[in-house]
Structure formats: C-alpha cells, structure tokens
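Trainee: I have a structure I would like to understand better, so I am pasting it below and will then ask my questions one at a time.
Nothing in this text is a laboratory measurement; each read-out follows from the coordinates by a stated rule. Being a predicted model, the structure only gives us computed values, none of them experimental. For neighbour counting, all protein chains shown are included, and Cβ atoms are generated from backbone atoms with ideal geometry for every residue, glycine included.
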C-alpha cells in the first residue's frame with residue numbers, strides 16, 4: 001500500500017515538474033504530451049500522460065480523451081512492452097480504445113509469440129469494428145490463426161480475408177484444406193480447379209483430383225462387377241464391359257497424378273493408390289511393386 005502511495009507521489013511530482021518547465025504554458029496537458037512525443041521526448045511525454053492518468057484515477061474518473069491508449073503508444077515507443085500492454089488493456093477495459101489500439105496490442109502479442117492472446121484481441125477487433133482499416137489489415141492474420149489452430153468453421157466464415165485471397169495460392173490452399181476438414185464436398189472441386197489454374201502442381205488440389213477420379217472409377221468398377229454377378233447374361237456382360245471401360249478411363253486419369261505425387265513426396269498413401277490401380281489394370285508386376293512401397 002505504501003509503495004503504491006509513493007508511486008503516485010512520484011508520478012505527480014514528475015508530472016508537475018514537467019508541466020511547470022514547459023514554455024508552452026497555454027498548451028493543455030494533452031497538447032504538451034503530444035508535443036513532447038513529436039519532438040522525441042518520450043520520457044517526458046509518458047510522464048505527462050501518466051500524470052493525467054493518475055489524476056483521473058485518483059478522482060475516480062476516466063477521461064474520454066483516451067490517455068491510456070496514448071500512454072501505451074509512448075510506452076511501446078520506449079520499449080516498455082509490459083507497460084504498453086497494461087495501458088492498451090486498460091483502454092479496452094474502459095471502452096475508450098480505438099480499433100488501432102486492438103491492432104497494436106495484437107501486434108505486441110505477435111512479437112511475443114502468444115497466439116492465444118493475439119487471437120483474443122483480433123477477434124473483438126473484427127466483431128466490434130469490422131469496417132475499420134485496422135480490422136481489414138488484420139483479417140488475414142486472424143484467418144491464419146484460425147487455420148493454425150484448426151478452427152475450421154471460423155476460418156471459413158472469415159473467407160475471403162482479403163479481396164486478393166482467392167488469387168493467392170497459399171491462402172486459397174488453406175481455405176481448401178479447411179473445407180476438406182469439414183467435409184464440405186460441394187465446393188471442393190471448384191476450389192481445386194481454381195488452385196490448379198494458379199499452380200498446376202499444387203499438391204492439395206492434385207491429391208483431391210486424383211482421389212476424385214479414383215473413387216469414381218472404383219465405385220463404377222464395383223457396381224458393374226456386382227451387377228454382372230447377380231445377372232450373368234450376355235446383355236449384362238456387354239453392359240459390364242462398357243462400364244469397366246469408363247472405370248478404366250478414370251483410373252487412367254488418376255494414375256499419373258498419383259505417380260507424380262508419390263515421386264515428389266514418397267508418401268506411402270500414394271503408392272497404395274497406384275498399386276490398386278495397376279491391380280485393376282491386371283498389371284500384377286507393378287501392382288506388387290507399389291504395394292511393397294506402400295508398406
């Protein structure tokens with residue numbers, strides 16, 4: 001209690017000394033603090049702001065002029081990150097913070113590598129001030145946080161985070177993966193096509209296309225074989241051959257994509273798909289070769 005009392009005495013004393021020595025006697029305290037800040041007199045500026053804050057807190061009245069936020073900016077310029085964080089949080093608590101205060105506090109947490117706190121500041125920025133310049137500047141970062149923390153629904157709801165996102169391979173790939181994770185099948189083919197236009201070698205889109213061809217081919221293959229087993233007539237046999245031709249055509253579309261993916265990644269999952277396709281072709285040698293590679 002004594003130390004807190006002494007702290008306020010010190011701030012008042014410094015505040016009085018700074019203001020009494022200022023030649024611009026007609027300036028308000030706020031103007032003096034701002035002038036000192038602009039002149040690079042950061043310690044002096046912070047002392048004035050803290051003097052005003054101490055006076056306001058002592059009287060139980062918080063100014064609408066947002067001295068907490070201004071003190072935070074000066075403290076941050078001085079490298080006093082703990083004090084800057086404290087004042088930004090007080091500005092937010094007392095509802096005097098501008099959108100830029102949320103943004104600056106978010107950047108402070110980003111420097112610290114604290115993604116949880118950063119998200120906790122950027123989310124209210126987005127919710128309270130969605131049309132502000134600060135929210136628009138931080139929207140992509142918030143989207144990236146949602147992707148990194150696997151908050152897929154929130155990431156999708158925020159899409160597109162920027163007007164350019166749909167033409168950015170990295171951002172569109174992240175959105176594509178979020179949609180896959182939630183099994184939003186309706187849009188995936190269109191997004192995959194967009195990605196392949198941006199980059200024909202995009203791995204996520206290639207894998208999607210290859211699997212789509214494979215599943216279509218395998219489903220048709222199983223359907224035709226089962227139909228013939230249940231009705232072994234010449235007509236059904238001819239129909240089966242026609243269906244198997246269509247199935248083979250889709251397997252042939254999937255095969256080179258899976259081979260390219262396997263050659264690039266050595267992922268055993270792709271080797272197993274390749275083995276199964278060769279098995280459907282009746283190529284036992286290659287089927288066995290890739291089955292061993294898949295183990």
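Trainee: Taking only the stretch 92-123 into account, find how many residues are surrounded by 19 or more Cβ atoms within 10 Å (Cβ to Cβ) and within 14 Å of residue 139 (Cβ to Cβ).
Mentor: Number satisfying all stated conditions: 8.
Trainee: Being in a helix (DSSP H, G or I) and surrounded by 20 or more Cβ atoms within 10 Å (Cβ to Cβ) narrows it down to one of 206, 194, so name that one.
Mentor: 206
Trainee: Still on this structure: For the stretch 138-172, which positions are farther than 17 Å from residue 124 by Cβ, in a helix (DSSP H, G or I) and either without any contact (Cβ under 8 Å) to a residue 12 or more places away in the chain or in contact with a strand residue (DSSP E or B) (Cβ under 8 Å, 6 or more places away or on another chain) (or both)?
Mentor: If the condition is that a residue be farther than 17 Å from residue 124 by Cβ, in a helix (DSSP H, G or I) and either without any contact (Cβ under 8 Å) to a residue 12 or more places away in the chain or in contact with a strand residue (DSSP E or B) (Cβ under 8 Å, 6 or more places away or on another chain) (or both), then 170 is the only one that fits.
Trainee: To continue, here is another question. Counting only residues that are in a helix (DSSP H, G or I) and closer than 17 Å to residue 160 by Cβ, how many does the stretch 181-191 have?
Mentor: 4
Trainee: Right, something else. Tell me yes or no: at least one residue of the stretch 179-186 is closer than 21 Å to residue 248 by Cβ, buried (at least 18 other Cβ atoms within 10 Å of the Cβ) and free of Cβ contacts under 8 Å to residues at least 60 places away in the same chain.
Mentor: Checked the stretch 179-186: no residue is closer than 21 Å to residue 248 by Cβ, buried (at least 18 other Cβ atoms within 10 Å of the Cβ) and free of Cβ contacts under 8 Å to residues at least 60 places away in the same chain.
Trainee: Of (1) under 15 Å from residue 103 (Cβ atoms); (2) in contact with a helix residue (DSSP H, G or I) (Cβ under 7 Å, 6 or more places away or on another chain), residue 166 satisfies all except one. Which?
Mentor: So residue 166 meets the others, but not (1).
Trainee: Moving on. As an exercise: evaluate residue 93 against (1) over 30 Å from residue 188 (Cβ atoms); (2) touching a helix residue (DSSP H, G or I) at 6+ places or on another chain (Cβ under 6 Å) and give the number of the one condition it does not meet.
Mentor: Every listed condition holds for residue 93 apart from (2).
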